[in-house]
Amino acid sequence: MSNLSEHEREQAEITEEWEADNATGLTCPDCGQIEAFFIVATVQGRYTAEGFDPDHPDVPDASPGWGKDSTCTCTHCSCTAKIKDFAP
């Protein structure tokens, strides 16, 4: 096997390991952290005088939502930017 082929194989293994470890799919642009992030998400719920109820049966979708323009903060270095800035 040539040196180039060996190098390409090693790089593919490194990439595969990194992708497996980076379950969030995000990387802090400042410190490179990949473990955990604070994300500003929207949650739909029913609000009454008794308070907020995201689990009420009339709520069409109670799952939190966010997108590429949502605010994201690194839990390690506190870098704050849009999610699209944390995407690989």
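A few remarks follow.
- Residue list for the stretch 1-46, filter: over 30 Å from Ala81 (Cβ atoms) and either at pLDDT 85 or above or among the hydroxyl-bearing types (Ser, Thr, Tyr) (or both): Ser2, Ser5
- Residue pairs whose Cβ atoms lie under 6 Å apart, separated by 6 or more positions or on different chains, with the first residue in the stretch 31-56 and touching a residue at least 40 places away in the same chain (Cβ under 8 Å) and closer than 21 Å to Lys68 by Cβ and the second loosely packed, with under 10 Cβ neighbours inside 10 Å and of a type in the set (S, T, N, Q), do not occur.
- Filtering the stretch 46-88 to residues that are closer than 11 Å to Thr27 by Cα and of a type in the set (Asp, Glu) leaves only Asp85.
- Any strands (runs of 3 or more DSSP E) falling wholly within the stretch 30-84 and containing at least 3 residues that are surrounded by 10 or more Cβ atoms within 10 Å (Cβ to Cβ) and among the polar types (S, T, N, Q): none
The values are calculated or read from the model by the stated rules, or taken from the named source; none is laboratory data. Note that the structure is predicted; figures quoted are calculated from it, not measured. No Cβ is skipped: glycine too gets one built from the backbone with ideal geometry, and neighbour counts run over all protein chains shown.
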